[in-house]
Structures are given as structure tokens and as C-alpha cells.
Amino acid sequence: MASIRDYNAVEQFNRRLEEMRSKLLDQALGEELNDRVAQLCQEHRQYMKSVLDTCSKKCKEDETMFEMIQTYKEDLKEKTSLLKEKSVENLEVVSEIEDKEHHKALLFQRIQKLKKDQAKNRELIQSQNKANKDRLKKLNKCKDIFQKHLSLEIRKIQGEKLQFVFRNISRKDPDMVHTFLLQLDAEGVYHIMSCDPPLEKMAHLERRLQETNNFSAFLANVRKEFVALHGGAKTA
């Protein structure tokens, strides 16, 4: 066994001791480093898991948000289309209302015109009726004269009509009656409604009466035509 005083032995002992110290130090540092690395790895994994969870949650939120945005876009598009349709409908309604208002204004103008025309027609009819009544009164006043000179009887019947009855026409039967029915229209025009017995020239005599308004001449001509039916002239 070497003596501890031996210089080489001391050096060797010191070197051996240093090696042991270094080895122990390396082991201690290695274990600590490994523990630290393991701790860091665990913290890194936890951090990454937290990041992944956060990203996953964020992605889900973003996906939900994207779906909501898409839904809003589709809803907005649908509402915009509906609004356009409503706008078109509103324009059509406004146009229809304007047309109705224009039509209403035209109707109002027509009604006012019709009222004025009706008032004028009423005045004209009233004036004509008065003239017709005056004519009928004059005819009634002349009844005695006609009856005396023409053997004529005038009868007023319903509907503002006059029946003219002639007698003393036929030599064989002086009491035989010959009649015609006369009416004045709203414009004061004479119209022959019937004639018994019929006269071939009555339509011509009616037109002459409407043209000349000479009623006395008309009666005289009608009497002549009745007399002519019996083959000759006959005075009253």
C-alpha cells in the first residue's frame, strides 16, 4: 500500500477525488436539468393544450359567427327582395290610386256637365210643355169653330193626346165617324198615332204639318182625303 505522503499517491488521490466530485456534480446537474426539462415539457404541453383549446373554441366561435353572418346575409337578401317586391306593389298601388283619382275627377266633371245639361233639358222640356199646353188650349178654343165648319169634334184623351172625330163625310151615312189620333212630343212636333179609316196620304200630310206647322190647313186636307174615300167632295 502506498504511503499518503507519497506525492504521486496524493496527486492520484486528488485526481480521483476530483473525478468523483465531477461525476457526482454531473449527475446532480443532469438530474436537475432533466427535471427542469421535464417540467418545461409538461408546462409546454399544458400551454399548447390551452392554446389548442382556445383556438378550437375560437374556431367554433368563428364558425358560429360565420354561420350567423351567412344567415344574416341570406335574411338580408330575402328582406331586400321582399322590399323590392313591396316597392313595386306600392308603385302599382300609387299608380292605381292616381288613375282612380283621375277617373274620379273625370267622373266629377261629367256629372257636373250632366247636371248642367239636365237643368237645360228640364228648362227646355218645361218650356216646350208650356208651349204644347198653349197649343192644346188654342186647339180647344178652336174646337167650336172646327165643329161648326168642318163637323169636327176634338177629344182630349190620356197621355196628352187629341182625338179628332169627323162626321158628315159620307153622303150615304152623314153620322159615320172618321178619326185620327194626334200627339205632341217633348220638342213640340206633331205625330199622327193612328187613323181610321187609314189614309194613303196621311204620312205625307204629317210631314207637311211638321214642316209648316199650319194645323188648320192640315185639318182641311185630312177632311178632303176622308171625303175622297167616298168618291167625291162634300162640304159641311
Listed peptides 154-166, 75-87 by packing density, highest first (mean Cβ within 10 Å): 154-166, 75-87
Hey, rough spin-label estimate for LYS201 and GLN42, points 7 angstrom out along Cα→Cβ, what's it come to in nanometres? 14.9 nm
At a Förster radius of 22 Å, what calculated FRET efficiency corresponds to the Cβ-Cβ distance of ASN214 and LEU124, to the nearest 0.05? 0.35
Give the aspartates and glutamates whose C-alpha is closer than 20 Å to that of LYS116, dropping any in the same chain fewer than 8 places away, or say none. GLU187
Using amide H atoms built in the peptide plane, which far-off residues or other-chain residues are under 5 Å from THR179 H to H? PHE166, ASP196
Potential lengthening between LEU91 and LEU229 on full extension [0.36 nm per residue; Cα-Cα distance subtracted]: 41.7 nm
Sorted peptide list for 172-185, 93-106, criterion being average Cβ within 10 angstrom, highest first: 172-185, 93-106
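Any read-out appearing in this document is the output of simple, stated calculations on the displayed coordinates, not a laboratory observation. As the structure is a computational prediction, the values presented were derived from the model and not from experiment. Quick reminder, even Gly has a Cβ in these numbers, built from the backbone with ideal geometry, and neighbours come from all protein chains shown.
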